[in-house]
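Structure first, commentary second.
Each reported figure results from applying straightforward, stated rules to the coordinates on display, with no laboratory input. Because the structure is predicted, anything quoted here is derived from the model rather than measured. Glycine also receives a Cβ, built like all others from the backbone with ideal geometry; neighbour counts cover every protein chain displayed.
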Amino acid sequence: MKGGLNAYTLGGDDTNDIKTKLGFNLGLLGHIHLSEQFGLQPEIIYSTQGAKGNDGDLKLNLDYINVPVLFQYMYDNGFRIQAGPQLGFLTSAKAKGDGVSVDVKDAFKTIDFALSVGASYVDSASGFGVDARYNYGISNINEDDSSKAYNRGFQVGVFYLFKHKS
């Protein structure tokens with residue numbers, strides 16, 4: 001199990017007036033030892049992403065089911081560095097401003113590809129850990145290809161590995 005805080009924005013064309021929007025992530029992860037030093041960590045995560053306008057009144061709420069597959073180098077002291085691809089499935093897209101919410105899902109592609117890079121620490125004895133990563137969107141999420149937008153964001157969180165083996 002895992003959960004944490006997101007800080008997302010959009011990169012790309014015409015994104016100078018866009019600011020970071022805070023959200024959360026919640027989901028499940030697995031950890032597979034490939035060798036003593038290398039591991040694979042597949043996840044399935046519900047993630048609230050998006051951005052907000054410079055004045056903070058307009059918010060773009062993008063909800064995804066993300067599936068990262070992280071390759072890890074594991075140090076003997078519980079620290080891990082990790083990187084890998086992430087596939088995202090858009091579940092909801094709403095623009096909110098002046099007390100009005102508008103469904104804008106048709107303006108966005110339903111699939112998002114990103115690269116994730118980060119680090120984590122797990123306490124071997126308890127299975128509890130902390131995680132931090134940056135997700136760098138590499139696919140244009142705008143349905144209209146005349147303007148490009150990419151999901152970009154930081155995630156920090158905590159996790160618990162059931163039946164964790166050192």
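Numerical summary
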read-out	value
Debye, to nearest 20: dipole size of the stretch 2-160, +1 on Lys, Arg Cβ, -1 on Asp, Glu Cβ	240
Inter-site label distance for PHE24 and VAL69 at 7 Å from Cα along Cβ, in nm	3.0
Among [x] 28, 17, 15; [y] 23, 20, 16; [z] 32, 15, 13, the entry derived from the coordinates for semi-axes √(5λ) of the Cα gyration tensor in Å	[z]
R0 of 25 Å, Cβ-Cβ distance ASP14-THR91: FRET efficiency to nearest 0.05	0.50
Listed residues VAL69, VAL100, VAL122, most fluctuating in the chain (Gaussian network, C-alpha, under 10 Å)	VAL100
Pairwise centroid distance, computed over Cα atoms, of the stretch 27-47 with the stretch 105-147, Å	14
Candidate aspartates and glutamates for bridging to LYS59, where Cα separation is under 17 Å - those fewer than 8 sequence places away on the same chain excluded	ASP14, ASP17, ASP98, ASP103, ASP106
Pairs from LYS109/LYS163; LYS2/LYS148; LYS2/LYS94 whose Cα-Cα separation, in the structure shown, is over 28 Å	LYS109/LYS163; LYS2/LYS148
